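First comes the structure, then the notes that go with it.
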Amino acid sequence: MILKPLSLFVLAIAAMLVCSCTEQYALQTNTFDEALVVQATLTNELKQQEIKISRTFRFEQANPVFETGATVTVTDNSGNVYAFEPSDAKYVSSIPFQAVDGKTYRLNITTADGKSYSSSGENLTAVNEMQSVVPTVQVKNGEKGVAIIVNSYDPQANSKYYRYEYEETYKIIAPQWSPEKAILLPPLEGNTYEEIGVVPKGPGETRTCYSTVNSNEIIQTSTVGLNEDRVNFSVRFISSENPIVMHRYSILVKQYVQSLAAHTFYKTLKQLSGNGSILSQTQPGFFYGNLKCDTNPNEKVIGLFEVTSVSSKRIFFNFTDLFPDDPTPPYFTNCELKLYGFCFIPENPECKGTALIFAIRANDLLYAGNYYNFEGGYEVYQMVPPICGDCTKFSSNIIPSFWID
């Protein structure tokens, strides 16, 4: 599902009148058009299908509001009815099912206030499996990186319109990880300041993590006008200096074969909600998908019910596989060691005992090592920002079930 562009478009049409000024201003909607927002893609995968239903929301609201209490069904021309139940801000089919060739599907929604909505009848698009997903070193806009290339071919030339989504997962290794940690101990007799001890870390992996991120843009291509229905298309470009590829990287690419109507809808949506501010002088207008309100034909409905074939492939690669002679990308943040002399002599700028105690107590810095300053007669602690020594501060230490090293 394409959430971000549709949400931006919803914001744009929600604000019919806004103030334009150069000073900071808490934007509020003066007039507001409420409309049902539907995101529904039925595929030929045998699974519990999902449909998202919400309402347009005002600029001053943070997120769209999930439409509760709706009755949601998908029917086909053979008389089968598939019911959907609410689950985690979406509607999920009660049983797994898949769209099949030769059947026509309709989406039906009845909201809690009794209004009825329906889609036009939609058929499954041509089934066309991706042939391969290949990481290819390229230079784009003067920047070296890896392009994720999708190859696909329909000898019958029935596909033509394609949309892509991806889910990328990358391995993270904390560069300044230590098996030990610094803790605060009670003051020694006669002292007013706490002492510092270094002890082994407890159980739990904090050095190696895995982050997963989904695509949030509309990615499309078409073979219309070409000699063959053959796709050789870059769905993702990653700079060789991007830390997400510094160790091992995986991407799952999904290819959706679209109808002309669906392709046009998403293309228009991308144009209206793409680059630039939605507060620009050119405001997007309303455009219709294939949904309507049965009880009030004049009511606006945003979204599309799409029945599409899908195929997917996952690949893995290491940084050294593609860039054997290049330096490893920098980490996500500066992980330079910060030195804290554990002493309390005001005239000595290396003495940072009080600051170190506060940093350990607040978990603002993590221990990375220490050594004894024989000339000064005190311990010097090497400290780093938390994300440099503990990857779980911004990622997960759970190894994904699909992961292969």
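Listed by chain and number, the lysines whose alpha-carbon sits under 19 Å from that of LYS300, ignoring those within fewer than 8 places in the same chain, are LYS52, LYS115, LYS292.
For PHE344, project a label point 7 Å along Cα to C-beta. Then give me every residue of segment 179-209 with its amide nitrogen under 11 Å of that point. So the set is 187-195.
Most fluctuating residue of LEU46, LEU188, LEU339 in a GNM of the chain with Cα springs under 10 Å: which is it? The residue that fluctuates most here is LEU188.
Toward the positive end of the charge dipole of segment 119-212, about the Cα centre and with charges on Cβ (Lys, Arg +1; Asp, Glu -1), which of GLN156, VAL198, GLY121 goes farthest? After comparing all options, I get GLN156.
FRET efficiency for the pair TYR371 and PHE394, taken as 1/(1 + (r/R0)^6) with r the Cβ-Cβ distance and R0 = 30 Å, rounds to 0.55. Sparsely packed loop sites in segment 334-399 (the chymotrypsin sites (Phe, Trp or Tyr not before Pro) outside DSSP H, G, I, E and B with at most 15 other Cβ atoms within 10 Å) comprise PHE344, PHE374, PHE394. For the chain, the longest principal axis of the Cα atoms and the long axis of helix 260-273 meet at an angle of about 40 degrees. By a 1.4 Å probe calculation restricted to protein chains, TRP177 has an accessible surface near 80 Å², given to the nearest 10. Axis of helix 4-14 versus longest Cα principal axis of the chain: the two differ by about 70°, to the nearest ten degrees. Estimated at 0.36 nm per residue, the fully extended path between THR333 and PHE317 surpasses their Cα-Cα distance by 3.5 nm. By accessible area, using a 1.4 Å probe on protein heavy atoms only, the chain has 49% of its surface on carbon and sulfur.
For the chain, averaging the sequence separation of C-alpha pairs within contact (under 8 Å, six or more residues apart) and dividing by the residue count gives a relative contact order of 19 percent. So which GluC sites (Glu not before Pro) in segment 59-147 end up in coil per DSSP with only 14 or fewer other C-beta atoms within 10 Å? Counting only loop positions with at most 14 other Cβ atoms within 10 Å, the GluC sites (Glu not before Pro) in segment 59-147 are GLU60, GLU129.
In the elastic network of the chain, a GNM with C-alpha springs shorter than 10 Å, the most mobile of CYS209, CYS335, CYS343 is CYS343. A value for Kirkwood radius over Cα pairs in Å was derived from the coordinates, and within the list (1) 32.4; (2) 21.5; (3) 25.5 it appears as (3).
Think of a 1.4 Å ball rolled over the protein heavy atoms: segment 195-351 then has 52 Å² of accessible area per residue.
Springs join every pair of Cα atoms under 10 Å in this Gaussian network model of the chain, and among PHE237, PHE265, PHE332 the largest mean-square fluctuation is at PHE332. Estimated from the Cβ-Cβ distance and a Förster radius of 56 angstrom, the FRET efficiency linking THR75 and ASP405 is about 0.75. If a spin label sat at a point 7 angstrom from the Cα of GLU228 along the line to its beta carbon, the backbone N atoms of segment 130-153 nearer than 17 Å would be those of 130-134, 150-153.
The values are calculated or read from the model by the stated rules, or taken from the named source; none is laboratory data. Computed from a predicted model, the values in this text were never measured in an experiment. Quick reminder, even Gly has a Cβ in these numbers, built from the backbone with ideal geometry, and neighbours come from all protein chains shown. Accessible surface areas use protein heavy atoms only, side chains included; no ligands, DNA or RNA. Shrake-Rupley method; radii C 1.70, N 1.55, O 1.52, S 1.80 Å.
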